[in-house]
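Reading through the structure tokens given below for one structure.
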Amino acid sequence: MIKLDVLALGAHPDDVEMSCAGTLLAARAAGKTIGVVDFTRGELGTRGSVEIRAAEAAAASQILGLSVRENLGLPDGFFRNDREHQLPLIAALRRYQPDVVLCNAVADRHPDHGKGAQLAIDACFLSGLRMIETLDEHGQPQAPWRPRKVYHYIQDQWLTPAFVVEITPYWPGKWDAIHAFGSQFFNPNADPGAPATYLSGQQFERFMEARAREFGHIIGVEFGEGFTAARPVGVREVTELV
């Protein structure tokens, strides 16, 4: 078992890269162990394929320096926040025992994002209940585990952040991780016959950079990533604020 300091959850491969890759890189630079669990394989995506997106996720994982990346194989577009879909996530949370979980936006353009947020919230709580039984890869009972903090990264739809993480030194790495998903985002070498999507044009690429600059601007730095939280975020010492 690999114990993680920070685990990022995403409804689809590339959700994490778009929304909190810089925060993961900052955590890794601080000596923290980081990982990703994707809920689905993105099989309903207009471009690419399950196999292509798996290879892209592996490439992005190398760029981010993840200690682990796992895909739960939940049904893209049709997973639900119920016992059937909570249990695999509870098992993953107990397997990696993260202190901090980063998960999908509480509301967003894609319905899987809001659903993924609520699935993560409930699974993070339920994983701490000892009467819920899950098994590890060897068929042995897992110990209960509840993350200390659960935060939600902000995706396509604007949400007012509870806090912003400066990612200026890690912007190039985040950009590289995003572009590891060449089937999904703007790619001048892509098949010219591939259908255009909301994500595949230069306009969306400019939006991603503008959003990171906007989050950075509101805290007085060049690039940032914003997060929401269910409760106020505490600090130990006021002079440590950016």
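The table for this structure:
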| quantity | calculated |
| --- | --- |
| Options 90, 52: the member that is more than 14 Å from the chain's Cα centre (by Cα), buried (at least 21 other Cβ atoms within 10 Å of the Cβ) and not in a loop (DSSP other than H, G, I, E, B) | 90 |
| Contacts under 8 angstrom Cβ, first residue in the stretch 107-125 being farther than 18 Å from residue 78 by Cβ, partner modelled with pLDDT under 95 and outside any helix (DSSP H, G or I), 6 or more apart | 121/230 |
| In the stretch 179-189, the residues that are touching a residue at least 12 places away in the same chain (Cβ under 8 Å) and closer than 17 Å to residue 42 by Cβ | 180, 181, 182, 183, 184, 185, 187 |
| Contacts under 7 angstrom Cβ, first residue in the stretch 157-178 being assigned to a loop (DSSP other than H, G, I, E, B), partner basic (Lys, Arg) and open to solvent by less than 60 Å² (accessible area, probe 1.4 Å), 6 or more apart | 167/174 |
| When residues of the stretch 192-212 are limited to those that are part of a loop (DSSP other than H, G, I, E, B), of a type outside the set (Val, Ile, Thr) and surrounded by 13 or more Cβ atoms within 10 Å (Cβ to Cβ), the one farthest from the chain's Cα centre (by Cα) | 194 |
| Lone qualifier among 84, 70 - being over 26 Å from residue 231 (Cα atoms) and either surrounded by 15 or more Cβ atoms within 10 Å (Cβ to Cβ) or within 18 Å of the chain's Cα centre (by Cα) (or both) | 70 |
| Counted residues, the stretch 15-29 - those being over 19 Å from residue 199 (Cα atoms) and buried (at least 24 other Cβ atoms within 10 Å of the Cβ) | 3 |
| Single condition residue 174 does not satisfy, out of (1) within 16 Å of the chain's Cα centre (by Cα); (2) open to solvent by 30 Å² or more (accessible area, probe 1.4 Å); (3) among the charged types (D, E, K, R) | (2) |
| Selected residue (only one of 117, 58 is surrounded by fewer than 23 Cβ atoms within 10 Å (Cβ to Cβ) and in a helix (DSSP H, G or I)) | 58 |
| Search result, residues across the stretch 162-189 that are touching a helix residue (DSSP H, G or I) at 6+ places or on another chain (Cβ under 6 Å) and among the aliphatic types (A, V, I, L, M) | 164, 165, 167, 177, 178, 180 |
| Any hit, the stretch 32-39, residues being over 20 Å from residue 104 (Cβ atoms) and either over 10 Å from the mean Cα position of the chain (by Cα) or among the hydroxyl-bearing types (Ser, Thr, Tyr) (or both) | yes |
| Residue satisfying all of: in the stretch 31-82; touching a Ser or Thr at 6+ places or on another chain (Cβ under 7 Å) and charged (D, E, K, R); nearest to residue 171 (Cα to Cα) among these | 56 |
| Test for residue 235: is it touching a Leu at 6+ places or on another chain (Cβ under 9 Å), in a loop (DSSP other than H, G, I, E, B) and farther than 29 Å from residue 41 by Cα | yes |
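Residue-by-condition table, conditions (1) closer than 22 Å to residue 218 by Cβ; (2) open to solvent by less than 40 Å² (accessible area, probe 1.4 Å):
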{"position": "138", "(1), (2)": "no, no"}
{"position": "148", "(1), (2)": "no, no"}
{"position": "158", "(1), (2)": "yes, no"}
{"position": "178", "(1), (2)": "yes, yes"}
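The values are calculated or read from the model by the stated rules, or taken from the named source; none is laboratory data. Treat the numbers as computed from the prediction; the structure is a model and nothing was measured. Neighbour counts run over all protein chains shown; Cβ positions are idealised from the backbone, glycine included. Note: accessible area is taken over every heavy atom of the protein model, side chains too, but ligands, DNA and RNA are not part of it. Shrake-Rupley method; radii C 1.70, N 1.55, O 1.52, S 1.80 Å.
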